[in-house]
Structure formats: C-alpha cells, structure tokens
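Contents: one structure, followed by commentary.
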Amino acid sequence: MPDVSETTQTRPAPLSLLVLGQDRDLHSERGVECPGELPQPSDPDLVARARAAKNALGERVFVLGHHYQRDEVIEFTDTTGDSFKLAKEAAARPDAPYIVFCGVHFMAESADILTSDEQTVVLPDLAAGCSMADMAALHQVEDCWDDLVEAGVAESTVPVTYMNSSAAIKAFTGRNGGTVCTSSNAERALTWAFDQVGGVEGEGKVLFLPDQHLGRNTWARDLGRDLDDCVVWNPHRPMGGLTVEQIRDARMILWRGHCSVHGRFTPEAVETARREIPGVRVIVHPECRNEVVSLADEVGSTEKIIQAVASAPAGTKWVIGTELNLVQRLAKEHPEQQISFLEKNVCYCSTMNRIDLPHLVWALESLVEGRVVNPIVVDETVAQQARTALDRMLALP
C-alpha cells in the first residue's frame with residue numbers, strides 16, 4: 001500500500017466515483033487498495049485452505065455472507081442474509097472476537113456499530129463498496145440540509161436513510177431526528193417519520209437517502225400517495241436543481257441515487273417475460289424503477305423474494321428482478337420450479353463480487369497467524385449517532 005503522503009500528492013482530481021484500485025481514499029467506499037499477498041484464484045488448494053483456516057479459528061470467527069455473494073464464498077459462511085439481518089447476527093455473537101463480513105463496506109460498518117468493542121469486523125476486500133452508498137457523500141447531504149434550512153422547511157423535514165448508506169450518513173440522520181430503514185420496513189419507517197411532522201396526511205416532509213426508487217415506491221405503492229408529491233434532489237446542482245416552491249410543495253424529497261443492478265431492469269423486460277412465459281409470476285426488488293415495480297406481481301426485499309420462492313408450489317414459473325448470484329442460487333435450490341432472470345444482460349453486483357475465495361482465504365489465514373487485515377472501525381462519535389438512528393428503527397412498531 002502506498003504511503004498516505006505519496007497518495008495525497010498524486011491523487012487525481014475528485015471524481016463522483018473513484019476507479020477501483022487506483023487510489024487510497026479513506027473517505028470513500030471505493031478505490032481503496034488492499035495490501036497483502038493473495039492466493040491465486042486458480043489455486044486448486046483454495047477450498048482446502050479455507051476449510052483448514054476456518055477450522056483452526058473455530059468459534060473465534062463468525063463468517064457472514066450476503067445473499068448476493070458468490071457460491072464459492074457462501075460455502076464457508078456461518079449464516080446468510082441481507083445487510084441488516086447479518087449485522088444483527090453479528091451482534092448476537094458477542095463471544096466471537098472476529099467477524100468476517102462477506103458483503104460490502106457499509107454492511108461491515110453497520111456490524112461494527114452494532115457489535116461490542118471487544119469484537120473486530122473484517123472486510124476481506126476494502127474495495128468492496130456500494131455505488132448507491134457512494135452517491136450520497138456527507139458533505140453533499142449537509143449542503144442539502146443547509147439549503148432546506150434556507151428554504152424554511154428543515155424543521156418540518158425528517159431524514160430517513162436506507163440501510164445501504166455509509167455510517168456517516170446514518171450518523172447525520174441520527175443527529176437530525178431521523179431513522180434508518182430497510183427494504184422490508186420502509187413503509188413503517190416512513191409512517192413513523194411523517195408522524196413526527198403531522199402525519200402522512202399533513203404537510204411535513206421526508207428527505208429520503210440515498211435510493212430514490214425505494215423512497216418513491218414506498219410512497220406511491222405502499223402508502224398509496226401521489227407520485228407528483230415527490231421531487232428528486234440532484235446533489236450536483238445548486239439547491240438540488242429545484243426551485244424553492246418545488247421544495248416547499250413536495251412531501252418526499254428523494255436523493256438522486258440508485259442501485260446499479262436493480263436500476264437496469266426495464267418495463268420491456270417484464271413485458272417480454274409475460275409474453276414468452278405463460279403464467280409467469282414476476283417478483284422484483286423495491287430498488288427497481290417505479291415503472292418496473294408497477295408491472296410486477298410481487299415486490300419485496302431479498303428475504304421476501306427468497307421466502308416467496310421457497311413457499312411456492314412445484315411448477316410455479318418465476319421471473320426475478322434482483323442480483324444474479326441470488327437468482328441462480330434459487331434456481332439450483334428449487335429445481336421443481338421454473339426460475340428465470342429478468343434481464344438478458346448479466347447483472348451481478350460488481351463490487352459485492354470483489355469478495356471472492358482468494359480474499360476470504362487471505363483474511364482467514366491472516367487471523368490464524370495472529371494478523372488482523374482490513375479491520376472496519378467506525379469513529380466513536382459517528383457510531384454513537386448512527387446507533388441512535390438504528391435504535392429508532394429497531395423501536396418501530
């Protein structure tokens with residue numbers, strides 16, 4: 001890894017997203033080089049080495065795997081789930097001094113926030129970031145809040161941030177009276193937020209970060225409200241690209257962010273699926289665009305998609321709009337059903353897939369040798385404020 005001073009001198013002009021592996025920026029979830037010597041992906045002994053290292057560590061290590069991980073990684077995880085479930089699972093294992101999180105950076109941050117000081121969270125590849133989380137930088141969100149103050153609406157606005165956000169954004173939300181939400185409890189979180197400023201029927205507002213699609217779909221589909229009440233805040237334009245009148249009239253101020261995987265699904269893909277597969281059921285993630293969600297038979301979080309498929313009778317035909325690793329795994333686990341992917345092009349989560357078997361083996365073998373690589377440590381003040389927002393979510397009815 002290059003010296004920080006050297007990096008600072010050679011750092012290129014700031015970009016909205018840094019090129020992976022080309023820079024070391026501790027304030028970004030992307031572009032962070034990973035030191036150390038990694039096993040070659042073609043090493044035939046990798047599986048044996050992973051098994052040996054995990055056995056040697058025993059109960060000292062707890063390995064978490066997000067549903068979007070590769071099968072070669074999932075094989076060595078102790079539990080799988082979505083981001084928040086995994087963070088809670090980590091907190092429920094206080095006797096494990098090492099938590100190896102096979103996911104992305106914001107997930108490991110949440111695990112560090114929810115676990116004890118005696119536990120260390122390890123991310124096998126620091127460049128496993130999240131493009132959606134990167135779309136809301138703290139300075140941008142603080143500038144937005146200043147603009148809302150100037151527009152005279154900040155006091156009647158509650159920030160709600162999706163779990164897929166950095167610890168800094170969760171902390172911002174916590175110190176400004178807001179909460180965190182997941183894709184499965186977004187409706188409850190929004191209802192709570194509006195209740196703080198006069199209710200859904202009132203005139204209060206929510207600043208929803210960073211995924212515009214989840215916010216829009218929850219407002220329109222789950223709460224049955226008008227799409228015209230939503231405006232999109234563009235952090236790269238003065239006042240978000242909006243007029244003061246638009247801001248004051250809006251009920252939902254949606255951050256201009258999206259998931260690079262779920263944002264690729266199209267209404268045309270849904271229509272093609274219905275045309276080519278008679279009797280198909282289309283199920284998509286709420287991070288998809290509203291036009292796609294409106295055409296689907298079912299909409300739900302990763303966990304809901306898994307449960308829907310698992311409980312369906314044999315012979316059910318599904319087309320699923322979420323990350324490809326999960327869809328392929330569901331197809332393998334349920335051969336009695338016909339499961340297809342809602343896109344002709346490949347839609348892996350590229351940053352999630354940076355966690356591979358070589359990185360996992362390196363992280364585990366390093367722990368066996370007494371070295372902790374890639375620890376994720378959230379600043380104490382940031383963690384405390386983020387925990388405030390998370391606790392508000394946990395207290396939701």
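Run the numbers for residue 78 and residue 371: contour at 0.36 nm per residue of separation, minus the present Cα-Cα distance, in nm.
103.4 nm
Leaving out ligands, DNA and RNA but keeping every protein chain, what accessible area does residue 294 have, in Å² rounded to the nearest 10, with a 1.4 Å probe?
80
Relative to the present Cα-Cα distance, how much length would full extension add between residue 237 and residue 334 at 0.36 nm per residue of separation?
Length difference between fully extended and current span is 30.2 nm.
Can you run phi through the Karplus equation (6.51, -1.76, 1.60; θ = phi - 60°) for region 197-211 and list ³J(HN,Hα) in whole Hz, with x for Gly and Pro?
Result, rounded to whole Hz: 10, x, x, 4, 7, x, 10, x, 10, 10, 9, 9, 10, x, 9.
Just tell me the longest site-free run in the chain, where the sites are trypsin sites (Lys or Arg not before Pro) in a DSSP loop having at most 15 other beta-carbon atoms within 10 Å.
1-343
Largest first, what is the accessible-area ranking of 229, 78, 146, 95 with a 1.4 Å probe?
95, 146, 78, 229
Express in nm, to one decimal, how much length is gained between residue 51 and residue 384 on full extension, taking 0.36 nm for each residue of separation and deducting their alpha carbon distance.
Computed gain between residue 51 and residue 384 is 116.3 nm.
GNM, the chain, Cα, under 10 Å: largest mean-square fluctuation among 240, 224, 300?
Sorting by GNM fluctuation, first place goes to 224.
Would you calculate a helix-derived [θ] at 222 nm for the chain, using -39,500 (n - 2.57) for each DSSP H run of n ≥ 4 and dividing by the full residue count, to the nearest 500?
-11000 deg cm²/dmol
Between residue 91 and residue 223, how many nm apart are label points set 7 Å from Cα along the C-beta direction?
2.5
For 277, 320, write out the residues from largest to smallest accessible area, computed with a 1.4 angstrom probe and no ligands counted.
Result, largest first: 277, 320.
Restricting attention to region 84-159, which GluC sites (Glu not before Pro) occupy a DSSP loop and are surrounded by at most 11 other Cβ atoms within 10 Å?
Answer in residue order: 118.
Quick check for you: which residues of region 186-208 have the amide N under 14 Å from the point 7 Å beyond the Cα of residue 395 toward its beta carbon?
Within reach of a label on residue 395, which here means backbone N under 14 Å from a point 7 Å along Cα→Cβ, region 186-208 contributes 192-193, 196.
Mind checking which lysines have their C-alpha under 21 Å from residue 304, skipping anything on the same chain fewer than 8 residues away?
85, 88, 317, 332
Pull up all non-local amide H partners of residue 341: gap of 5 or more, or a different chain, and H-to-H distance under 5 Å with H placed in the peptide plane.
Placed amide hydrogens put 320 under 5 Å from residue 341.
Quick one: putting +1 on the C-beta of Lys and Arg, -1 on the C-beta of Asp and Glu, what dipole do you get for the chain around its Cα centre, in Debye to the nearest 20?
It comes to approximately 780 debye.
With all protein chains present, calculate the accessible area of residue 280 using a 1.4 Å probe and round the result to the nearest 10 Å².
Result for residue 280: roughly 10 Å² accessible.
Test of understanding: in a Gaussian network model of the chain with alpha carbons linked when under 10 Å, which of 339, 169, 355 would top the mean-square fluctuation ranking?
Per the Cα network of the chain with a 10 Å cutoff, 339 tops the list.
With a 1.4 Å probe and all protein chains kept in place, how much accessible area does residue 197 have, in Å² rounded to the nearest 10?
Surface open to solvent at residue 197 totals about 30 Å².
Each residue of region 313-319 in turn: what ³J(HN,Hα) in whole Hz from Karplus with 6.51, -1.76, 1.60 and θ = phi - 60°, glycine and Pro shown as x?
Here the 3J(HN,Hα) series is x, 4, x, 5, 9, 10, 10 Hz.
The values are calculated or read from the model by the stated rules, or taken from the named source; none is laboratory data. Predicted, not measured: the structure shown is a model, and the values here were computed from it. FYI the Cβ positions are ideal-geometry reconstructions off the backbone, even for glycines, and counts take in every protein chain you see. All accessible areas refer to the heavy atoms of the entire protein, side chains included, with ligands and DNA or RNA removed. Shrake-Rupley method; radii C 1.70, N 1.55, O 1.52, S 1.80 Å.
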